[in-house]
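Asker: Have a look at this one before I ask anything.
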Amino acid sequence: MAASLKITAKLPVIFGKCFLNARCIRDFSSCSVCLAKAQRNIKEKANEQRPQPSKGGAKSIVIPRKIERSSTAILEALASTVRADANQPMYMDIDDPHLLSTADRLKKNHMAAKDSGRKAAQTMLALYPDYFTQIWEEPLPETLNSPFEGYKYQEASEAALIERIQKRQVKDAIEVYKSCKASDYPLSQESQEQLLELLTVFNSKEPDRSSALSNFINPSFALSSPFPACTWEKGNLAEQVYNSLPEKTPTAYCLLLRGMAANFDKEGALTLYNEMKVANVPVDVSTYNKLLSLASLDAASMDEITQTLESILQDMKAAGVQPNVGTFNCALSNCRRISKWTGARKYALSLVAEMKACGLEPELSTFYELMHIFYYVRDKSSKTPELFENILDYMDGKEYTLSSENDALFFRNAMKVIATFFPDSKLALKLHRILKFGQNSKALGHRQLVFTYYKELLSVVTPLEHTDVVMDLYQSIAPYIFLPSSDTYRLILENIEMHDTHHYLPQLFADLFWTSQFKDTEMLGPFVHAMATQKHSQELQQQFSDITSTLLESWEQNRERRDNIGLDGSVIGDMILIYINNNEPKKAMSAFRLYLDDKSLHQAEPGVESLTKLTEHSIAVKDYKSTGELLTMMLSTDSSNVPGLVEQVLKSTELSDQERNYLQGLAQEASSESSSSDSDSD
């Protein structure tokens, strides 16, 4: 009856594909009768699946139209199935673990190197443009453009002026403008207004060429002063260009006024504004906003500030100019400067109410201004959290976008307020939940703001929440977004010991060991001590023993290096306890021998508990030589347990007279030291 699988080759071709599918499902070895039966079943199944013609005639087949898709449609579909994890290394560094940056200092160095590489690439592209013509079919992106690439128009002309304006080359644009004026070359109103805009934005000075990455690494806080000094020079080139314009258009007026206001020339800006009012020159909302931000500069009282603000706001209403969020933020910035003055906080709340009445939603910069007004961190007077809680309730579940520099300062400042005035872990976690909603995390700002935010967050949450909450937070940010300091890690260790959640220690060890945190004895000691405080389950205790062995092996391999882990006698004592708790007395004795042999470890001594347990084991296995060494060391540290241990040893009948006399001498010396210490205490 048995037949070879070669029988399948004799089957009709039409069933070959179906039959092979059946073979894949079922191992076949049967007779010809069974094969024929299986063949009939496949035929019947194929007939059932074949579409039957309708009674009214053959059913027409409708072929769907082709859907036009982009060349990257498949890649976009695949990308939608994965989620990016922010807490991961940079993709370019994954293949080289040595380059993985964790500490804030290393991140700064690696980003600075990346920025330098980009600048070098820009320079090479500019100096040798002919070498790179065949690489890209499309023009290079704007980020790779270099100021060294030269100009298309060399002679002084309107085209040359516009070219330099577009490249933001202030010094070169000024030279071309002066050359055109000297040679009476006619310049259009539009080109002169573009030059005026360039001069007012950069205050007639060459702009800072630092890249966005460079600003992220080393941010500038030049504008953080509450009362900045005036940096606008009277009669500068911007005013000269403005005065020489063929026509004083509203655009030219607004450009000059915004330039004065941006450089804190309150007197000049108000004078020009009054001139515009007399001449009925329309003012746009951006210019009004800049003017509002100057109200508190050189003001003598709160009444003077409110009068200036109300006057400008009334002018906006009369001119039919609708305010925006920036309008109220600029007004609030004045209250921030004088937040301690009587009436400043009350007026700030009235501005927020007016903004809501206008149908405008507050932005992150609005909340930032309110935080500074009501919760200035340098003002140590007592604060109430009601307004802060209302702000967080309002923000919960909403997504915000960046529209100004102050938007990036909100989350750091808000977390600083929590840590300073009311360290409540619930508020801190709620603020963090708002940060994680949608794309709000993009508003966290530059490197220093990220570091400060997470440092304050962990300092508030760790002492107050259960370890599960703390470690969930830790896993989401460490080590690539934020690497905690030794102080923060010690807080986490205290939290683990308080809640008896020692199963998190192996996870912490992986990060601490990889990031070389154990070079500091103040970090290594508390960590090893946390593993040695008690005996745990067999699986966890074995993990602790493996960690201890890894630390000792690392120390021995790097014994001659200055950046070796911070091992000393106290840490050795805790390691002995870990081995004994895991029933590994041989490893415990090896650690003790390591301490005896290396004098560099004698900066501290093993604890009494570890020496006592190791001595008890030596007595049990009748290792009297090690017992004598341990008792001698205990005599120099804490001799309170020595007499009892000696009494246990003397019960043995295998001791020689010399060993017995030596141990009795140790017991007598320990007893005399104990009695003398008791008399001193009396």
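The values are calculated or read from the model by the stated rules, or taken from the named source; none is laboratory data. Nothing here was measured: the structure is a model prediction, and the numbers come from that model. We place every Cβ from the backbone using ideal geometry, glycine too, and count neighbours over all the protein chains shown. For the accessible areas, the whole protein counts, side chains as well, though only heavy atoms, and no ligand, DNA or RNA atoms are used. Shrake-Rupley method; radii C 1.70, N 1.55, O 1.52, S 1.80 Å.
Asker: Along the Cα→Cβ direction, 7 angstrom out, place labels at LYS167 and SER71. What is the inter-label distance in nm?
Answerer: Simple spin-label model gives 3.2 nm for this pair.
Asker: If the chain between THR271 and GLU155 were fully stretched, how many nm would it gain, using 0.36 nm times the residue separation less the Cα-Cα distance?
Answerer: 37.9 nm
Asker: Set the bar at 27 Å for Cα to Cα. Now go through LYS380/LYS430; LYS205/LYS455; LYS119/LYS152 and name every pair that lies beyond it.
Answerer: Going by Cα-Cα distance, LYS205/LYS455 fall outside the 27 Å limit.
Asker: Between THR533 and ASN243, what is the label-point separation in nm under the 7 Å Cα-to-beta-carbon projection?
Answerer: About 7.6 nm separates the two model spin labels.
Asker: At a Förster radius of 25 Å, what calculated FRET efficiency corresponds to the Cβ-Cβ distance of SER350 and LEU402, to the nearest 0.05? Don't jump to the answer; show the numbers that get you there.
Answerer: Values: r = 27 Å, r/R0 = 1.08.
My answer for the efficiency is 0.40.
Asker: Hey, which lysines would be in cross-link range of LYS622, C-alpha to C-alpha under 30 Å, not counting anything within fewer than 8 residues on its own chain?
Answerer: LYS535, LYS586, LYS587, LYS599, LYS613, LYS651
Asker: If you find the alpha carbon centre of segment 500-544 and of segment 425-451, how far apart are they in angstrom?
Answerer: First find each Cα centre; the distance between them is then 29 Å.
Asker: Output the peptides 256-263, 68-75 sorted from most to least packed, where packing is the average of other Cβ atoms within 10 Å over each peptide's residues. List each step's numbers first, then the result.
Answerer: Values: 256-263: 24.1, 68-75: 8.9.
The most tightly packed comes first, giving 256-263, 68-75.
Asker: So which lysines pass the test for LYS114, namely a Cα distance under 23 Å, with those fewer than 8 places away in the same chain ruled out?
Answerer: LYS442
Asker: Given labels modelled 7 Å from the Cα in the Cβ direction, how far is it in nm from ILE63 to THR632?
Answerer: Inter-label distance under the simple model: 9.8 nm.
Asker: What figure, in Å² to the nearest 10, do you get for the accessible area of LYS535 with a 1.4 Å probe and non-protein molecules left out?
Answerer: Its heavy atoms expose roughly 120 Å² to the probe.
Asker: On full extension of the chain, what length is gained from VAL621 through ALA120, given 0.36 nm per residue of separation minus the C-alpha to C-alpha distance?
Answerer: Here the answer is 173.4 nm.
Asker: Can you pull the accessible area of LYS108 for me, 1.4 Å probe, Å² to the nearest 10?
Answerer: Around 70 Å² of this residue is reachable by solvent.
Asker: Hey, another quick one. At 1.4 Å probe size, with the rest of the protein present, what percent of the exposed accessible area of segment 249-395 is carbon and sulfur atoms?
Answerer: 52 percent
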